[in-house]
Amino acid sequence: MHLGNAKIALLSWLQIRSAGGEFVLRIEDIDTQRSKPEITDRIISDLKWLGLDWDEGPELGGAHGPYWQSERLELYHAALSKLQEMGRLYPCYCSRAELLAVADAPHGLSSEGAAYAGTCRFLSEAERIEKAKSKTPSLRFALGEDAISFEDGIFGPQSSPPGSGGDFIVRRADGMYSYQLAVTVDDALMGITDVLRGADLLDSTPRQLQLYRALELTPPNFAHAPLLLGEDGHRLAKRHGDLGISALRMAGAKPEAIIGWLAYISGIIDMPEPVQPYELASSFSLPHISHQPFILTGQMIRQLLPS
């Protein structure tokens, strides 16, 4: 976890704790090449260290497990089969470079480049048979013709025109299920009522709402919080240095100092002072969250460390 992840985790935790709800931790590890057990262990350790506990998930179990996506593949297969029967999927034979983008960690439609033009949607059966001789296809979900509207818990009313972003991949050619399909199925079957995540996924929500509608599932309420950005104005990444919670711990940072600072930059408290998460829960409210992304500087990081 880096500071940006921790900010979103804190806000999500506070939203649920302030409402007296149950917080669920799910490990999204469907990309087995990128997801390693040691990474999961560090995430769990970092959350505990920050004081962000959970009611269902790894180590605790619960009624809606398993809590690792890599153990829920049969559920995604069942959803895919239903969409196939409904005629909402079609094989896509486009370039490997395009399909590799689906393996990246989810960062919204803006990270995908131009909207998919529907190249393979209207291929004839003969054309598909011919293309299948040289390439295993991915599967794309055919968008409906309706606009999608929803109320975001932080950014308010949202509307997406018909076809926004283009038909999207729900299963890669190598068999890996997409983020869009997996989280839709998981949130519905786990009974998730509220999702708070980064604003980079705001434009992905209409896609998931189309999947909810097609699968006849009940969607949760969505809220998208502004990101924590590096000094170059881009979301936090390895190029910004080691901003991991584990690294800050090793450098002597205190969890209450990090929590207080994250609460301050999120607009929850007026001063960046040390605080425990539970001290913030009683007064937490989504409308209080700042709508602006926050630029993280090296000087700010140093302020989190003991002098």
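The values are calculated or read from the model by the stated rules, or taken from the named source; none is laboratory data. Note that the structure is predicted; figures quoted are calculated from it, not measured. Counting neighbours? That spans all protein chains shown, and the Cβs are built from the backbone with ideal geometry, glycine included.
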- Item | In region 8-52, the residues that are outside any helix (DSSP H, G or I), touching a helix residue (DSSP H, G or I) at 6+ places or on another chain (Cβ under 8 Å) and over 19 Å from Gly191 (Cβ atoms) | Asp29, Ile30, Asp31, Thr32, Gln33, Arg34, Ser35, Gly51, Leu52
- Message: Condition first: of a type in the set (A, V, I, L, M, F, W, C), free of Cβ contacts under 8 Å to residues at least 24 places away in the same chain and within 21 Å of Ala199 (Cβ to Cβ). Now tell me which residues in region 263-282 satisfy that.
- Response: Ile269
- Message: Looking at the structure I just gave you, is Met300 more than 30 Å from Tyr179 (Cα to Cα) and not in a helix (DSSP H, G or I)?
- Response: no
- region 145-188, residues that are of a type in the set (Ser, Thr, Tyr) and closer than 18 Å to Ile27 by Cβ: Tyr177, Ser178, Tyr179, Thr184
- So which of Ser124, Ser70, Ser160, Ser81 ends up being at pLDDT 90 or above, surrounded by fewer than 16 Cβ atoms within 10 Å (Cβ to Cβ) and touching a Ser or Thr at 6+ places or on another chain (Cβ under 9 Å)? Ser70
- Item | Given (1) modelled with pLDDT of 95 or more; (2) within 30 Å of Glu145 (Cα to Cα), index of the condition Pro226 fails | (1)
- Give just the number: which of (1) within 21 Å of Met1 (Cα to Cα); (2) outside any helix (DSSP H, G or I) does Gln292 not satisfy? (1)
- From the list Ile268, Ile245, Ile259, which one is over 20 Å from the mean Cα position of the chain (by Cα) and at pLDDT below 95? Ile268
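If we keep just the residues of region 254-272 that are among the β-branched types (Val, Ile, Thr) and in a helix (DSSP H, G or I), which is nearest to His288 (Cα to Cα)?
Ile265
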- Task: With respect to Ala132, determine if the residue is small (Gly, Ala, Ser) and modelled with pLDDT under 95.
- Result: yes
- Message: Anything in region 201-223 that is closer than 19 Å to His291 by Cβ and either free of Cβ contacts under 8 Å to residues at least 24 places away in the same chain or touching a strand residue (DSSP E or B) at 6+ places or on another chain (Cβ under 6 Å) (or both)? List them, or say none.
- Response: Leu202, Thr205, Asn221, Phe222, Ala223
- Item | region 1-30 residues that are of a type in the set (Gly, Ala, Ser), paired with ones that are assigned to a helix (DSSP H, G or I) and surrounded by fewer than 20 Cβ atoms within 10 Å (Cβ to Cβ) (beta carbon under 8 Å, 6 or more apart) | Ser18/Ala281
- Sort out for me the strands (runs of 3 or more DSSP E) sitting completely within region 111-219 that have 3 or more residues that are in the same structural domain as Ala78 (by TED's automatic domain parsing), under 26 Å from Ile16 (Cβ atoms) and of a type outside the set (A, V, I, L, M, F, W, C). 148-152, 156-160
